[in-house]
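What follows is one structure encoded as structure tokens, with my remarks underneath.
Please treat every number below as a calculation from the coordinates, not as lab data. Note that the structure is a prediction, hence the values are computed from the model and not measured. Don't worry about glycine lacking a Cβ; one is built from the backbone with ideal geometry, like all the others, and counts go over all protein chains shown.
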Amino acid sequence: MSERLPRVLIAGCGYVGLALARHLAQNGFEVFGLRRNPKTKSVLKANGASPVFADLTKPETLRSLPQVDYVVSCQAPRQPRGTVRTSARPALNQTAPDDGTSDDYRSTYLNAAEYLVSALASRPPRKYIAASSTSVYGDASGAWVDETTEPCPNTENGRILLEAEKIVLAAPFPSLVLRFGGIYGPGRNRLSLLEQGMVSARDPGYINHIHVEDAVRLIHFLLERGEPRHIYLGVDHQPVLRSEFYGWLTEQFGVNAPEPAGSSTVCRTLASKRCSSQKVRDLGFTFKYPSYRANRAAPNGTVRDF
């Protein structure tokens, strides 16, 4: 009799979660994808995931989760209609302010972490990975930060994320936290925001990136190699000044980038720090896209990735 495939539950199948589902399904996992809306059943199946419909903010819906070996949470807050978003994963996008109210964040991250950990306690996974954000570091005035740096969030949403991390790391089963920088890849819309004058090519401060393909590869890597109770940073090798990054986009893609007009600006500087991914590299992880420039140089690198 053949050995069964390892089973993984992805709690929150948005931009990152669906990409992760595709990747893991293609690499020997049986994947379950958790979403709120039953109307997305076909989307989950098309991306290699068996649908699980539940709401992480409603504990009564989490009583019948499938028995799995691994759990990855990468949920995002609900977005009001008409909201302009710079990312399908706002908490992980350092070029934008925290999207969603503090109440949204408290429900989506803090309460959801508590409810999910509680629901899993009776059928504990071998490992639980929770995606978080480098926004928990706050403003480091351009200095380098890593996993040993004491977090000092400078927004309420950052403080909520940090509290959610503590719940994850205290879970009664092996768990770890992965703090992502700004995730880019196919379907991102920074170029269109730049063209609309909704971000500034002259904003100061450093930002940190990771391509979505590397993000899901890193999650897979940590499912196998990550140490329980550890924190890891998911960023590429090259922090970059905002002004340099948006200037590069303007030059590479011929974007006409008018300066934003005061309060209409979506993106504003909240923090400046240079995040190091040396810890995951020392574990043996290799980035396919060690910098945003490497993506443009790749044979399949296109305008759609930005």
Give the peptides 9-20, 134-145 in descending order of average Cβ contacts within 10 Å, highest first.
9-20, 134-145
Amide H neighbours of Ser133 at under 5 Å, excluding residues fewer than 5 places away on the same chain, with H built from the backbone geometry, are Phe180
What residues have an amide H closer than 5 Å to that of Gly138, excluding those fewer than 5 places away on the same chain, when H is modeled at 1.01 Å from N in the peptide plane?
Cys152, Asn154
How would you rank 275-285, 107-117, 162-172, highest first, on the average number of other Cβ atoms within 10 Å across their residues?
107-117, 162-172, 275-285
Would you please give the FRET efficiency between Trp144 and Ser118, computed as 1/(1 + (r/R0)^6) with r the Cβ-Cβ distance and R0 = 22 Å, to the nearest 0.05?
0.05
Going residue by residue through region 24-38, the Karplus relation 6.51 cos²θ - 1.76 cosθ + 1.60 with θ = phi - 60° gives ³J(HN,Hα) values, rounded to whole Hz and with x marking Gly or Pro, of 5, 4, 7, 10, x, 10, 8, 10, 10, x, 9, 9, 7, 9, x
Region 208-218 - phi-based ³J(HN,Hα) in whole Hz, Karplus 6.51/-1.76/1.60, Gly and Pro as x
10, 10, 8, 6, 4, 5, 5, 4, 6, 5, 5
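Using 0.36 nm per residue, how much length does the chain from Leu5 to Asp55 gain when fully extended, once their Cα-Cα distance is taken away?
Details: separation 50, 0.36 × 50 = 18.00 nm, distance 2.60 nm.
Gain in length upon complete extension: 15.4 nm.
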Using modelled amide H (1.01 Å from N, peptide plane; none on Pro or chain starts), what sits under 5 Å from the amide H of His230, excluding residues fewer than 5 places away?
Val177
Can you list the HN-Hα couplings for region 48-61, worked out from phi with the Karplus curve (6.51, -1.76, 1.60; θ = phi - 60°), rounded to whole Hz and with x for Gly and Pro?
x, 10, 6, x, 10, 9, 7, 10, 4, 8, 10, x, 5, 8
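Order these by the 10 Å Cβ neighbour count, fewest first: Asp104, Asp146. Show your work: numbers first, answer last.
On the way: Asp104 20, Asp146 16.
Placing the least packed residue first, the sequence is Asp146, Asp104.
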